[in-house]
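K.L.:
Below: one structure in structure tokens.
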């Protein structure tokens, strides 16, 4: 709460300003009208308002996203209770999202997420490449809690629905130019452009372009160079073909490429209090390598790199019948990545990790949504998915443990990775039955048949001393020491109710059980004979949730709350082991049973004609109820293991924001001020790594021309310069690897619509 006191005068000043403007009879209320506007969502795979959906969700349409200036997923997390949308930091774009404490802490491509991302109706099968700049969007929906009935695969924590904008009936152009900085390094220059309109009576088209050129936010004290360079180019084509009111087709084609440096990473003292000053007894000094968690300073000798490319195509067809709609959604995505990381995060060459990966997926969903009778609505469909992942990881290690490597320029190399494939077929049905005008029964069921296959080359089995890795997974020269396949047939039922308590209030409740199939670790670096607990395979997990909530609308706002209880049986977790051979080993296993219980509250309220308040509170209490795996690393399960905190489960989140309308001569202005808090949370199962608590203060000021075509704005994110890390991994030879996220960001933008 200190930051609230620190900036209370600023908040008070803006509140007084808003009151003064209101007293001058500026009946603007433009922002409030937009923010309290009902948002049409597709959370249940049919169009309905967010307030009518019997689940906890946060949703914003295009106008709201523009008003609040949400530019990426990190912006989106601010103001959503029990939601953390942080990228992992090791590779830009890799999501490690968690909702209600349920999420993963891994960049391994074969470790599937717990929060599903669905873009234009297409499920994204891997975590890589999912954190991107948001531009030209129609809407975003964040569904909190398990959504296994309708979305199935890997939605145990929740689902994020991203819908890109389609062309409209009028010819429109929009351009945005922005420049932002705020760090010790350079600036980020952003350009966005879209052109949309009809080609003829039945065909509309749109082209959207995004380009960003970041010269490096950070300063690397190793050579005083800018660090964090990153270029992104994205082009998206969209077509809508509508020959009649009975049929329409939406086609989207997107290509995106990124090129930048490796992560800015700090070395923190390890669990034993040592590790950053020397390379494990090799008498090679590493001065100025230990950094405070609350600084943006670091000192790495290898800037690294990351290059990726994504091709994505979706096709959505709708056949509109008298009482319903048949919809077919096809999607295909290809993603490739090359990286090099300075994992030791020090000014000496000690642990570098170059590698590459690729992910290909194809999916199709055919569904019907409509009314069978006046009282009975149904949504039913068939989902097909195929996904393939290739991972090639390398570790270049040197130091006292590898004295046989000779000179400092010679490394002990470890190489491995493998191939991973997934095939899934699912049938799903949901039924809403109106018992009377106020009470409805909601039933759902999903039947899933999934198969997985893995070919694994353990990293520690392929070793050489020299200047290059001993084998290559892409070229087929790495020998596979673990081959396995398995299948799962699971059901995901749901039963609930909705009750209209009054004309403007709806109560709901539901129970659901969802499944997450077993998973594999393509980054195995542990000797399986020595550590049998470190099998590359984890069994499936089961998630049961009970939720009750209420949604209420008022003339000047809305208030929603939810209570939930979730129990995860045989929870799949990734544990970092300090391995003396490979530096660090990531082990995917079933930890045991975890209980999550808590509540959420979010609201939008118009305080005056010109002031709109947005507020939220979220609380999660989590604990291990039954453990089947050792978490501390002492090879026994005892009270020390049960006393550990559950990773990714920040107990308390809350936010408060004000949006203030004003006039500047004939131009309209909007002032934005928002504050967001998230408690400290642990990153690793053994609690040796953690993520700092966050107190984020954002500010923005925009002016709009009388015709609304021109928007000039300034903004500041994270004014208090809070330091954020994508992770915190302890290394066996000392210290931790903690990738940095940007701190304070200040920027200016110009938007022109014509």
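The values are calculated or read from the model by the stated rules, or taken from the named source; none is laboratory data. Quick caveat, the model's predicted, so the values are computed rather than measured. FYI the Cβ positions are ideal-geometry reconstructions off the backbone, even for glycines, and counts take in every protein chain you see.
K.L.:
State whether one or more residues within the stretch 705-716 are under 30 Å from residue 304 (Cβ atoms), touching a residue at least 60 places away in the same chain (Cβ under 8 Å) and surrounded by fewer than 23 Cβ atoms within 10 Å (Cβ to Cβ).
P.N.:
Within the stretch 705-716 (the criterion being under 30 Å from residue 304 (Cβ atoms), touching a residue at least 60 places away in the same chain (Cβ under 8 Å) and surrounded by fewer than 23 Cβ atoms within 10 Å (Cβ to Cβ)), the answer is yes, since at least one residue qualifies.
K.L.:
Going through 265, 282, 286, 271 one at a time, which residue ends up being modelled with pLDDT under 95 and in contact with a helix residue (DSSP H, G or I) (Cβ under 6 Å, 6 or more places away or on another chain)?
P.N.:
282
K.L.:
Same structure, new question: Can you tell me which residue among 339, 329 is closer than 21 Å to residue 584 by Cβ, buried (at least 17 other Cβ atoms within 10 Å of the Cβ) and in contact with a strand residue (DSSP E or B) (Cβ under 7 Å, 6 or more places away or on another chain)?
P.N.:
After applying the criteria, what remains is 339.
K.L.:
Report whether or not residue 723 is closer than 30 Å to residue 276 by Cβ and surrounded by fewer than 23 Cβ atoms within 10 Å (Cβ to Cβ).
P.N.:
Against the criterion (closer than 30 Å to residue 276 by Cβ and surrounded by fewer than 23 Cβ atoms within 10 Å (Cβ to Cβ)), residue 723 qualifies.
K.L.:
Okay, next question. Anything in the stretch 342-364 that is within 25 Å of the chain's Cα centre (by Cα) and either modelled with pLDDT under 90 or buried (at least 22 other Cβ atoms within 10 Å of the Cβ) (or both)? List them, or say none.
P.N.:
Within the stretch 342-364, 342, 343, 345, 353, 357, 359, 363 meet the criteria.
K.L.:
Could you please give the count of residues in the stretch 669-711 that are in contact with a helix residue (DSSP H, G or I) (Cβ under 7 Å, 6 or more places away or on another chain) and at pLDDT below 90?
P.N.:
Selection size over the stretch 669-711: 0.
K.L.:
Still on this model: Please go through (1) out of contact with any strand residue (DSSP E or B) (no Cβ under 6 Å at 6 or more places or on another chain); (2) surrounded by 16 or more Cβ atoms within 10 Å (Cβ to Cβ); (3) not in a loop (DSSP other than H, G, I, E, B) for residue 222 and return the number of the only condition it doesn't satisfy.
P.N.:
It is condition (3) that residue 222 fails.
K.L.:
Another question about this same structure. Only one of these conditions is not met by residue 85: (1) over 30 Å from residue 693 (Cβ atoms); (2) within 20 Å of the chain's Cα centre (by Cα). Which number is it?
P.N.:
(1)
K.L.:
Restricting to strands (runs of 3 or more DSSP E) lying wholly in the stretch 645-754: which have 1 or more residues that are closer than 30 Å to residue 634 by Cα and in contact with a strand residue (DSSP E or B) (Cβ under 8 Å, 6 or more places away or on another chain)? So that I can check it myself, show each step before the final result.
P.N.:
Numbers: elements: 652-664, 667-678, 694-704, 710-717, 736-739, 745-753.
The strands (runs of 3 or more DSSP E) meeting that bar are 736-739.
K.L.:
Here's something else I'd like to know. Hey, among the residues in the stretch 113-125 that are in contact with a strand residue (DSSP E or B) (Cβ under 6 Å, 6 or more places away or on another chain) and part of a loop (DSSP other than H, G, I, E, B), which one's modelled with the lowest pLDDT?
P.N.:
Applying the filter and picking the extreme gives 125.
K.L.:
Among the residues of the stretch 126-145, are any more than 23 Å from the chain's Cα centre (by Cα) and assigned to a strand (DSSP E or B)?
P.N.:
There is no residue in the stretch 126-145 that is more than 23 Å from the chain's Cα centre (by Cα) and assigned to a strand (DSSP E or B).
K.L.:
Would a scan of the stretch 397-404 turn up a residue that is at pLDDT 85 or above and part of a strand (DSSP E or B)?
P.N.:
no
K.L.:
Identify all residues within the stretch 191-219 that are within 18 Å of residue 259 (Cβ to Cβ) and outside any strand (DSSP E or B); write none if there are none.
P.N.:
215, 216, 217, listed by residue number.
K.L.:
Collect the residues in the stretch 471-497 that are closer than 24 Å to residue 415 by Cβ and surrounded by fewer than 15 Cβ atoms within 10 Å (Cβ to Cβ), keeping them in residue-number order.
P.N.:
If we filter the stretch 471-497 for residues that are closer than 24 Å to residue 415 by Cβ, which is where we start, we get 471-485.
If the condition is that a residue be closer than 24 Å to residue 415 by Cβ and surrounded by fewer than 15 Cβ atoms within 10 Å (Cβ to Cβ), then 474, 475, 476, 477, 479, 483, 484, 485 are the ones that fit.
K.L.:
Between a first residue in the stretch 641-670 that is free of Cβ contacts under 8 Å to residues at least 40 places away in the same chain and at negative phi and a second residue that is surrounded by fewer than 21 Cβ atoms within 10 Å (Cβ to Cβ) and in a loop (DSSP other than H, G, I, E, B), which pairs have beta carbons less than 7 Å apart while being 6 or more apart in sequence or on different chains?
P.N.:
Listed pairs, sorted by first residue: 641/630; 641/632; 651/679; 652/679; 667/705; 667/706.
K.L.:
Another question, then. Taking the conditions exactly as written (within 23 Å of residue 725 (Cα to Cα) and buried (at least 21 other Cβ atoms within 10 Å of the Cβ)), does residue 620 satisfy them or not?
P.N.:
yes
K.L.:
Has the stretch 449-460 got at least one residue that is closer than 30 Å to residue 353 by Cβ and loosely packed, with under 14 Cβ neighbours inside 10 Å? Spell out the reasoning first.
P.N.:
Restricting attention to the stretch 449-460, the residues satisfying the condition of being closer than 30 Å to residue 353 by Cβ are 452-460.
After this cut, where a residue has to be loosely packed, with under 14 Cβ neighbours inside 10 Å as well, the list is none.
Within the stretch 449-460, not a single residue is closer than 30 Å to residue 353 by Cβ and loosely packed, with under 14 Cβ neighbours inside 10 Å.
K.L.:
Would you point out which residue out of 612, 608 is assigned to a loop (DSSP other than H, G, I, E, B), touching a helix residue (DSSP H, G or I) at 6+ places or on another chain (Cβ under 6 Å), surrounded by 17 or more Cβ atoms within 10 Å (Cβ to Cβ) and at pLDDT below 95? Spell out the reasoning first.
P.N.:
Details: 612 fails: assigned to a loop (DSSP other than H, G, I, E, B).
The unique qualifying residue is 608.
K.L.:
Would a scan of the stretch 498-511 turn up a residue that is modelled with pLDDT under 95 and within 30 Å of residue 397 (Cα to Cα)?
P.N.:
The answer is no, given that none of the residues of the stretch 498-511 is modelled with pLDDT under 95 and within 30 Å of residue 397 (Cα to Cα).
The rows are residues; the columns are (1) surrounded by fewer than 21 Cβ atoms within 10 Å (Cβ to Cβ); (2) within 17 Å of residue 162 (Cα to Cα); (3) at pLDDT 85 or above.
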residue	(1), (2), (3)
32	no, no, no
51	yes, no, yes
68	no, yes, no
72	yes, yes, no
77	no, yes, no
109	no, no, no
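K.L.:
When the stretch 480-510 is examined, which residues are found to be closer than 28 Å to residue 424 by Cα and part of a loop (DSSP other than H, G, I, E, B)?
P.N.:
Matches in the stretch 480-510: 480, 481.
K.L.:
May I ask you to list the residues in the stretch 223-261 that are at positive phi and in contact (Cβ under 8 Å) with a residue 12 or more places away in the chain?
P.N.:
Across the stretch 223-261, the qualifying residue is only 228.
K.L.:
Here is a further query. Please pick out the residue among 595, 538 that is buried (at least 21 other Cβ atoms within 10 Å of the Cβ) and in contact with a strand residue (DSSP E or B) (Cβ under 6 Å, 6 or more places away or on another chain).
P.N.:
That would be 538, the only listed residue that is buried (at least 21 other Cβ atoms within 10 Å of the Cβ) and in contact with a strand residue (DSSP E or B) (Cβ under 6 Å, 6 or more places away or on another chain).
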